[in-house]
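To start, the structure itself, in structure tokens.
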Amino acid sequence: MSRGESGVKMNRSKTSSQGDFWSAAARNWKLITGAGIGGAILFLLFSYTRPIVFEATSTVLPAEHQGVGGMLAMLASSSALDLLKGETGSSPTLELFKTIVESRSIAEDVAQDSVIRTYLHRRDTSFKGMTELLQGSIASEALRTGMLTVNVKMATPRFPSQQQLDSARRMSAYVANKFVAALDRFNRDRLMTTARNTRIFVEHEYQGKLVDLDSAYGRLQHFQEEHQAIALPEQLTATVTAAAKLTSQIEQLEMQLRVEERELNPNSSRMQALQTELDAAKQELEKYDNGGAGEYVLALKNAPALSRELAGYLREVKVLEQVCGYLRQELEQERISEQRDLPSLQVLDPAQPPIVRSSPNRSLYSILGLLIGLLGGFGLILAQRFYSDVQARPDAHYRLVNVLRSVRRGAKAELILPMNPQTTDGSPVSKANITA
């Protein structure tokens, strides 16, 4: 027989076998249907043995820091607390809130609540175990809409009573709201610490600038007395005033950068914006020093030596006066911010006791049981056909039959020889060679 004829014969045999299987399945449809229904009922009954889980959700928003003022307000609205920019990407503030609310510290804070400890005492009496249960029950998600959802799941015992069901419902909402309250408390403390550190920094800078201003006043007075120089020409005075304003702006930007670099990532959008503004101010200042600020603006390098020296003293005094005024205002604002109860987050939707359980999903259990039952029915038909084929044609399954006989009877088993044994070159083997 040629290879082509052998392949056609094998394909026909395979197609016939598939046809026989589906015919057998059609003849035993009652068995398959019964297996599917039985599987669905079995899995449905199993779902009733599972603990019932209720999930409560609370939705929060980062607070908008309005009316705070000072460097803290800039920091609060910057990318470290990047509040609701309306971007499609996730907010760093929400990611920060997510990390905090799922932390062990917050779980330990929530576990201190007497109501929660009483409820969890039935499952684990140790504080460490309660903390781990709370950490495992919470999940939060930072939404693209600028909101954070806090989800808490609470499970009942197996075969719960109505009282246990109601208790799990109420406790899921209670724990979710406690997690939000702990997040708010933690974040308030963090903001208060930031306000205090900022106030200390501004106060230190202000005291230092006051000393520098006194020294600048002394140098200017000494120069005027020594050289009998009291005032500058009007054109040079305008240049000094404008340059002093720019220099003051540069120093203010540098102080803001020093404040915010302690909290922000150097690559954050807020830090980059400040650095860009600082570079632009420095470039503008160079125009007053070297010329190019305007047709009627006198460059400081072109002024007479004595006037240029007096302009330097006046410029230093004006810069320090503006910086001290700025720092004085900032210091008062930071003192107010430190004492204020800064908003941390806003609860958009507090958690409510859920009405419907989140799991087990009995419909899903039933569908899964139905599919497994149907597969089991088809598998049973395949097993029956294979068993019948082994009974009818043991020579075609000689390896399996020999294994079963060897297991059952050991060395006394009568083994079945292959139907058409051949040598390695493809020629039939004689009976004498087999017995040998």
Problem set entry | Those residues of region 110-132 which are under 16 Å from ALA182 (Cβ atoms) and either touching a residue at least 40 places away in the same chain (Cβ under 8 Å) or surrounded by fewer than 18 Cβ atoms within 10 Å (Cβ to Cβ) (or both), in sequence order | VAL110, GLN112, ASP113, SER114, VAL115, ILE116, ARG117, PHE127
For this session: Could you please find all residues in region 343-357 being closer than 28 Å to LEU45 by Cβ and surrounded by 17 or more Cβ atoms within 10 Å (Cβ to Cβ)?
Result: PRO354, ARG357
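Against the condition modelled with pLDDT under 95, surrounded by 19 or more Cβ atoms within 10 Å (Cβ to Cβ) and assigned to a helix (DSSP H, G or I), how does ALA168 come out, does it pass?
On the way: modelled with pLDDT under 95: yes; surrounded by 19 or more Cβ atoms within 10 Å (Cβ to Cβ): yes; assigned to a helix (DSSP H, G or I): yes.
Yes, satisfied.
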Exercise. For the subset of region 149-167 comprising residues that are in contact (Cβ under 8 Å) with a residue 12 or more places away in the chain and of a type in the set (Gly, Ala, Ser), which member is farthest from ILE100 (Cα to Cα)?
Worked result: SER167
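So that you can scan it fast, the table gives a plain yes or no per residue for (1) within 42 Å of the chain's Cα centre (by Cα); (2) at pLDDT 75 or above; (3) in a helix (DSSP H, G or I); (4) within 11 Å of ALA311 (Cα to Cα):
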residue	(1), (2), (3), (4)
GLU226	no, no, yes, no
ALA238	no, no, yes, yes
ALA244	no, yes, yes, yes
GLU251	yes, yes, yes, no
GLU263	yes, no, no, no
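Identify all residues within region 52-105 that are at pLDDT 70 or above and of a type in the set (S, T, N, Q); write none if there are none.
Within region 52-105, the first condition is being at pLDDT 70 or above, and the residues that meet it are 52-63, 91-105.
THR57, SER58, THR59, SER91, THR93, THR99, SER103, SER105 - these are the residues of region 52-105 that are at pLDDT 70 or above and of a type in the set (S, T, N, Q).
The values are calculated or read from the model by the stated rules, or taken from the named source; none is laboratory data. Small disclaimer: the values here were computed from a predicted structure and weren't measured. Virtual Cβ from ideal backbone geometry, glycine too; neighbours counted across all protein chains shown.
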